[in-house]
Amino acid sequence: MANMSLVKNKMPHQDADVRIKNFDEVALGYTEEQAVDEANRCLGCKHKPCVGGCPVAIDIPGFIEKIKERDFEGAYEIISRSSSLPAVCGRVCPQETQCESKCVRGLKGEPVAIGRLERFVADWHMKNSKDTPAAPQKNGHRAAVIGAGPAGLACAGDLAKMGYDVTVFEALHLAGGVLVYGIPQFRLPKEIVQREIENLKALGVKIETNAVIGKALAVDELFEMGFEAVFIGTGAGLPRFMNIPGENLKGVYSANEFLTRVNLMKAYREDSDTPILRARNVAVVGGGNVAMDAARSAKRLGAENVYIVYRRGEAEMPARLEEIEHAKEEGIIFKTLTNPVEIIGDEHKFVKALKCVEMELGEPDESGRRSPVVKSGSEFLLQTECVIMSIGTSPNPLIRNTTNGLETNKHGCFVADENGRTSREGVFAGGDAVTGAATVILAMGAGRQAAKAMDEYIRSKSR
Amino acid sequence: MYEILRKKELNPTVVLMEVYAPMTARKAQPGQFIILRVDEQGERIPLTIADFDREKGTVTIIFQIVGATTEKLSKLSEGDRLCDFVGPLGVASHTDGLKKVAVIGGGVGCAIAYPIAKKLHAQGAEVHSVVGFRNKELVILEDEFKKASTKLFVMTDDGSYGEKGLVTNKLKELIESGEKYDEVIAIGPLVMMKFVSLLTKEYNIKTVVSMNPIMIDGTGMCGGCRLTVGGKTKFACVDGPDFDGHEVDFDEAIERSNMYKDFEHKRHEETCRLFQKVN
């Protein structure tokens, strides 16, 4: 019987006043009953509009049908045909602008909670299925993947399933890319990422950590070592700063540095040797998901007042609505239409205030968003001892600067076609390294697309 | 991986370790650095490469015991393994075309100055090395420098060995006596590099310094290692660690280097207490 409720089953959460004191996951996930009840809201439309909204075209009505039948493992099998990281994407995908935005139920009331159902299925599988995937028969060919983030892991997984001998080279000491250094524990538990990586290893994927391609090894050397195709999934990890006075004062972080200290290096734990500034007042500059992650992490580190300073209005914020709501519940203070102009230091060169101006929205710019202009005479000081710059990242230049014949665009992104082919034969690229900072699901999709193209390429060469 | 093949105490607070790290050894060049972690809870610390042996696949690091991490590192023995060791990172020192160079080393910085002196000497340049220490007990790498230098001057703050005085005193004396250097390379404490740079600026001698700021990833990702060089922000990990000494904002770098002083001090004491209990 279809469930005609106009609203989604609510996601169980840790209460805001409790969760701001820990780094445990905020959203607790559906129970089996809640999942089946929510699945029954799906009308199983024949034209499947939701599938068109999914960057990797998961058979959404198909897996939801299995949930209705309580065949949760069956649902997992359907999702894993299209997605390599369902437990991750169920948590961090912006479903409200993808699959759920196309849901027919959303025309009147809320769409089906597709993201929450995906997460439920993936978590159910992790909890109840003990078997690790068996390594497939090897086909005798070798492929290299640079970067163990979402794009690289997805690419490696698919290649391994096709029988390739795959080695992933990762610059950091831990695989996972932005999933381990960027997205906080309370939004994406690291155990989940670890589990996905263990699965890849079970498929026979080798992961070489502490290997910086472009420094220790050049792309050309990978071919000399016998790799027949190379995938570059190095992401967009270079932080941008505002170039305002005071940015090099002590207490100014890039969001990358702040989050890396917290997530990868576990600076929030007593037993970690990595230091982090625990300030009473923290200002995070920017309005994206990363800014929300930084602000909420700062709160959990014990800050009393955490500000989001954003030059446009709340409606223009690129962060997901859910992240903004969670941040507000946790007491993050939103200073929208506010732009920093200078960071002020004390006599010891520690940050003591952020000088800001108020903005008002003018005419829409080329991105379609109304561009902010300074309100004259609106300058004011925000007392803060820590400023976290979260205004975007660019691709890392290490490989670009050390590899001949790899075309890049003016933003430093690799130029690649829809199958990930770059200007160099045998070199493929995908994810943020090609698109600039985007989403986990797009990177994963690009990695899988490239795996297909790499397979075709290697087969055409060995024919 | 990352087995410590050789360990030697160069003085009571400075330790040399030769580590098995073939991937790093293959490409290592003087001036580049590595990042290591001692254990799973460990922080990532950058150390400049002191030497390397491509055939043996080893990289030598020399470090001073200054905090919790270097304390823990110093307690490891030959045969122990480091948790992580990544490199070579950063841009190698430029030595091409240099005919006559003054290499200035201060304290543990001599460990980094030495491979550069060695490389310059090997390519036939005239190398005047001036190395400074607080006292006789702390002198390191004297024999090595002797072999790699045309002239070597050892300075101590208290005059207990070599000549009494600062490296800048000796450098000034050499310049005043008519020595014409293509370049001065200064590696040591920030204060020393600052004053060497101020001195050479007066004489308009190009000066290169090696910066070693706080960093995490070493690949340009965190921006924690940023410095102001010639009025512009640079990342020491990918743009350096070598920079034009006349352009570096040393006062800012000195301030930034003590950002976590309190935490480091507390952590170091805790670590020392822990080792006392064990022993």
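Every read-out reported here was derived from the displayed coordinates using simple, explicitly stated rules and does not represent laboratory data. Please read these numbers as outputs of a predicted model, since none were measured by experiment. Cβ sites come from the backbone with ideal geometry, for glycine too, and all protein chains shown count toward neighbours.
Tabulated results
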| quantity | calculated |
| --- | --- |
| Cα gyration tensor category, rounded, prolate or oblate, for the stretch A:241-391 with a/c compared to 1.5 | oblate |
| Peptide A:242-250, shielding by other chains (average Cβ, 10 Å cutoff) | 3 |
| Estimated 222 nm signal from helices in chain A, with DSSP H stretches of n ≥ 4 weighted -39500 (n - 2.57), rounded to 500 | -9000 deg cm²/dmol |
| Amide H within-cut-off set for residue B:10, under 5 Å, with H built and near neighbours excluded | B:15, B:16 |
| Relative contact order, percent, the stretch A:16-128 [alpha-carbon distance under 8 Å, six or more residues apart] | 31 |
| Residue mean of other protein chain beta carbons inside 10 Å, A:207-216 | 6 |
| Share, in percent, of DSSP beta bridges within chain A that are antiparallel, nearest 5 | 40 |
| Shielding of A:265-273 by partner chains, average beta-carbon count, 10 Å | 4 |
| Two-site label geometry, residue A:404 and residue B:135: point separation in nm, points 7 Å out along Cα→Cβ | 5.7 |
| Degrees between helix B:190-203 axis and first principal axis of chain B (Cα, 0 to 90, nearest 10) | 20 |
| Cα-based helix-to-principal-axis angle, B:261-278 vs chain B, degrees rounded to 10 | 50 |
| Test item: Cα-centred dipole of chain A, Lys/Arg +1 and Asp/Glu -1 on Cβ, debye | 280 |
| Residues of type lysines that residue B:100 reaches as a straight line, Cα spacing below 20 Å, ignoring anything fewer than 8 places off in the same chain | B:118, B:119, B:146, B:147, B:151, B:170, B:172, B:180, B:201, B:206 |
| Low-density loop cleavage sites - chymotrypsin sites (Phe, Trp or Tyr not before Pro) in the stretch A:360-463, where at most 10 other Cβ are within 10 Å (DSSP) | none |
| Coil-residue GluC sites (Glu not before Pro) of the stretch A:51-85, DSSP, other Cβ within 10 Å capped at 13 | A:69 |
| Cα centre as origin, Lys/Arg/Asp/Glu Cβ charges: chain B dipole, Debye | 300 |
| Along chain B, longest interval not containing exposed trypsin sites (Lys or Arg not before Pro), exposed being DSSP loop plus at most 16 other Cβ atoms within 10 Å | B:207-279 |
| Hypothetical label at residue B:233: residues of the stretch A:381-414 whose amide nitrogen lies under 11 Å (7 Å Cα-Cβ projection) | A:388-392 |
| Estimated 222 nm signal from helices in chain B, with DSSP H stretches of n ≥ 4 weighted -39500 (n - 2.57), rounded to 500 | -9000 deg cm²/dmol |
| Linear extension gain, residue A:376 paired with residue A:463, 0.36 nm per residue minus alpha-carbon span | 24.4 nm |
| Size of electric dipole in the stretch B:2-89: Cβ of Lys, Arg +1 and of Asp, Glu -1, about Cα centre, debye, nearest 20 | 200 |
| DSSP bridge pairs, the stretch B:100-210: antiparallel proportion in percent, nearest 5 | 0 |
| Among A:75, A:157, A:140 the positive-end extreme of the charge dipole of the stretch A:46-172 (Cβ point charges) | A:75 |
| Computed FRET value (nearest 0.05) for residue B:9 with residue B:160, which takes r as the C-beta separation and R₀ as 22 Å | 0.70 |
| Pairs beyond 21 Å (Cα-Cα), from A:352/A:375; B:72/B:266; A:127/A:299; A:215/A:250; A:66/A:127; A:250/B:232 | A:352/A:375; A:127/A:299; A:215/A:250 |
| Amide H partners (placed H, <5 Å) of residue A:353, local residues excluded | A:344, A:384 |
